[in-house]
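Data block below; observations after.
All of the numbers you see were taken from the coordinates with simple rules; none came from a lab. For clarity, every value in this text was computed on a predicted model and none was experimentally measured. All Cβ positions, glycine included, derive from the backbone under ideal geometry; neighbour counts span all protein chains shown.
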Amino acid sequence: MSELSPAAQSVLTAFGKYPLHGDHIANNLMHGALPAALRAAADQVVPKEWPTIEDYNEYEQGIAAAHIKYRNQILAIADELEAQ
C-alpha cells in the first residue's frame, strides 16, 4: 500500500478512532466515525487556522468565502448524522 497524503491520512485517522465492531456498528458509524471523517475532510477545505477573510484581496475573498461555504455544508452533514 502506498503512503497516503497528509489530507487523506487525517481523514482516515479521524474515521479510525471509532471501533467498528460489536453490537453497535451502525451507531458508531453514525455518531462517531462518519462525522469525524467529514469534519477532518472539512478541515482540508478550510483549515481552522486560516487567516481571516479580510487578509485577502476581493478575488481571494470570493474564493475563501466559497471554501468556507463548502466547509459549513460538510459540517452541517456531520451535525445531522450525529443528531440521529
Along Cα→Cβ, 7 Å out, is where each label goes; now give me the distance between the ones at S2 and K17 in nm to one decimal.
2.8 nm
Using a simple spin-label model with points 7 Å from Cα along the Cα→Cβ vector, what separation in nm is obtained for K69 and D55?
2.3 nm
